[in-house]
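I have placed the structure first, in the form of structure tokens, so that the comments after it can refer back to it.
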Amino acid sequence: MLFTMGVCPFTVGLSLMSKYRSHRCNELRKANVDQEVRLAGWIHNKRDHGGVLFIDLRDHYGLTQIVVPPELPFQSELAHMTKESVVSIVGTVKPRPEGSTNPNLPTGEIEVFVTQYELLSKAEPLPMNVFPEDITPEDTRLKYRFLDLRRSKIHKNIVLRSQIIASMRRRMTEMGFNEFQTPILTSSSPEGARDFLVPSRLHPGEFYALPQAPQQFKQLLMVSGFDRYFQIAPCFRDEDARADRSPGEFYQLDVEMSFVTQDEIFAAMENLMTGLFTEFSTAQITPAPFPRIPFAEAMLKYGSDKPDLRIPFTISDATDLFAQSEFKAFAGKTVRVLPVPDIADKPRSFFDELQEQAKLLGAVGLAWITVQPDGSLKGPIAKFITEEAKTQLLARTGAKTGAALFFSADPVELTAAKLLGDMRNYIAAKLDVIDPNVFKFCWIVDFPMFEKDLETGKAAFSHNPFSMPQGGMDALLNQDPLTIKAYQYDIVCNGIELSSGAIRNHVPEIMYKAFEIAGYGPEVVDKKFGGMINAFKCGAPPHGGIAPGVDRIVMLLANEKTIREVIAFPLTQNARDLLMNAPAPATEKQLREVHVTIRKPIKI
RNA sequence: GGAGCCAUAGCUCAAUUGGUUAGAGCGCUGCCCUGUCACGGCAGAGGUUGCGGGUUCGAGCCCCGUUGGCUCCGCCA
């Protein structure tokens, strides 16, 4: 039931393990028949036959059927006991009568005839059922999370999480990594998210920041010569939530290595991921080395820097085919095309619905055509496609009879690419062509070092500013900044970004130059990252790392759609804790102590 | 900051086009039942339809606002 485990090694014969129990609720077998045992747990379910009463007793390990015969004076007490009350019982193990064994239960060949019981904790009628596990609104589940967590499915998820983290630790240690702890009360780090601030009592008007990641500390540990670092690290970012992104806080397997190139980090992570995903899943997994896909190629073929490689169709460019087109919506814009096989005979409503989805994603619409059996093209924009363009489209996309071609067009290349990337995911999900029993990994590499700031038109860091530019100082001095790539990479599994990482920039001169290109003088670097830049001036090893999201890895392995199903006490989308009532106003006394006055937003 | 979906009994849902006393299953309470394991049977309690306003002879249903939850954009690796 909950979590099967072998017979407990600490219990032998009749000797009682504790005041409360001699065995766990998954342990008893035919071999225990005639033993007197003591069990403790929750009343999971009851079946009252008027004469005999059956109780399913549940603990973390499993279920045992307790039999309460009618002649016992306390039978009616037990019969009226609320489900989820906690009891300890003493009784005798008996084999179940022939025909009434339960093969679904590890303990299904025996039952315990109770002789004494003790009520340890009475349960009132509950706001939600623990069993059966009825569908329950998520706010109710979160408010009564302690009940929700008793339910088999999520209880298993949390145990799985614990096992995965234990396995991560073991695997990292075996690869020669040392585990470290780094401060929680610290200063702002370079990730670029909003900080959580903690006011200082001792220093009026000053604040700590909670770490968005232990980024600078792990780099400092490399400068300190520790060579291989890891930490199951809590990270705090005051940003909004998504299904695969917790608001406020989450955990990373934070990793950093000295004297390494990108490939050595990849090898270590491929070893870890392959090990974890083989240990905790029977699904097929991409064999290492995982494919390396340059960022530019990912944006072209998948319209995303986190492609789901399980989807069997990819995007092509068609910009040149429409450059001079009479079709104004395409002419002169970036045009991308996505072929989807075998859907030409779908009803008009199917394509209309995709249009609506594209509009929700901010597009003007989603142009489409289908390939007819006679080789002709059909659909709203078919008349704009020249014979030459048609030949090219079919050749580039490999579209066959019965396929539909979807187009996105936008003056901004990235916008055109992303729309079709989003639609690729949406259409694949709608058509149910994504194999749920496979984990497809890849690396996205060669991220641009800088990107054009759409407001200022100038170069800005497109990622972590601590990454080493490919080509080093030479590239910074002699190359158009927007063409410089960074040693920056992401690892992606089934369309979920598990982590990004980088080879760090450990050379002060290159660091100052990179910041200069992004529009920051050396004084900014010295002020914001003085601790680290000073360290780099005292002999720093080349180093790099990565930080896979623990919650996301567990989510994939638990086959869950949201991260909240693998977190014991998650916040809601609005970053509220419905169980503990956080956040909450502070008292005037508390605020005075930390020298803070409240300035509420003005409502109009 | 923005968009969409949802909110009716403790839980899951129903309630015809806006029309009588808002129904059912599970759970709960009581009774019956000696082999069930989602036990079964009978009876009962349980509702300010999230909250506030409006339209209407009449609102669970229509309109406006608001709160909460979820999904997405922005944001975030």
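The values are calculated or read from the model by the stated rules, or taken from the named source; none is laboratory data. Only a predicted model underlies this, so the values are computations on that prediction, with no experimental measurement involved. With ideal geometry, Cβ positions are generated from the backbone for all residues, glycine too; neighbour counts draw on all protein chains shown. Please note that ligands, DNA and RNA were not included when accessible areas were found on the heavy atoms of the full protein model with its side chains. Shrake-Rupley method; radii C 1.70, N 1.55, O 1.52, S 1.80 Å.
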**Message:** I want to confirm something. Restricting to segment A:224-243 and keeping residues that are away from RNA strand B (no atom under 16 Å from the Cβ) and assigned to a strand (DSSP E or B), which single residue is nearest to A:E497 (Cα to Cα)?
**Reply:** A:F230
**Complete:** Among A:P73, A:P97, A:P69, the single one that is more than 6 Å from RNA strand B (Cβ to nearest atom), more than 28 Å from A:M128 (Cβ to Cβ) and either open to solvent by 30 Å² or more (accessible area, probe 1.4 Å) or touching a His at 6+ places or on another chain (Cβ under 8 Å) (or both) is A:P73
**Request:** Please find, among A:E206, A:E239, the residue that is free of Cβ contacts under 8 Å to residues at least 12 places away in the same chain and touching a strand residue (DSSP E or B) at 6+ places or on another chain (Cβ under 9 Å).
**Result:** A:E206
**Message:** For segment A:279-322, which positions are over 24 Å from A:L557 (Cβ atoms) and outside any helix (DSSP H, G or I)?
**Reply:** A:P294, A:G303, A:F313, A:T314, A:I315, A:S316, A:D317, A:A318
**Prompt:** Across segment A:487-529, which residue is farthest from the chain's Cα centre (by Cα) among those that are small (G, A, S) and open to solvent by 10 Å² or more (accessible area, probe 1.4 Å)?
**Reply:** A:G521
**Message:** Here are the criteria: (1) open to solvent by 70 Å² or more (accessible area, probe 1.4 Å); (2) among the charged types (D, E, K, R); (3) modelled with pLDDT of 90 or more; (4) within 35 Å of the chain's Cα centre (by Cα). Tell me which single one A:D432 does not satisfy.
**Reply:** (3)
**Looking only at segment A:342-361, and only at residues there that are open to solvent by 70 Å² or more (accessible area, probe 1.4 Å) and in a loop (DSSP other than H, G, I, E, B), the one that is nearest to RNA strand B (Cβ to nearest atom)** = A:L361
**Fill in**
Within segment A:441-463, residues surrounded by 21 or more Cβ atoms within 10 Å (Cβ to Cβ) and either part of a loop (DSSP other than H, G, I, E, B) or touching a His at 6+ places or on another chain (Cβ under 6 Å) (or both) come out as A:F447, A:M449
**Request:** Would you check which residues across segment A:102-148 are of a type in the set (S, T, Y) and within 6 Å of RNA strand B (Cβ to nearest atom) and list them?
**Result:** A:T136, A:T140
**Item:** Matching residues in segment A:243-282 - criterion: being of a type in the set (V, I, T) and either open to solvent by 20 Å² or more (accessible area, probe 1.4 Å) or in contact with a Pro (Cβ under 9 Å, 6 or more places away or on another chain) (or both)
**Value:** A:V255, A:V260, A:T261, A:T274, A:T278, A:T282
**Prompt:** Out of all the residues in segment A:387-420, which are closer than 13 Å to A:G362 by Cβ, touching a Gly at 6+ places or on another chain (Cβ under 9 Å) and either outside any strand (DSSP E or B) or open to solvent by 20 Å² or more (accessible area, probe 1.4 Å) (or both)?
**Reply:** A:T415, A:A416, A:K418, A:L419, A:L420
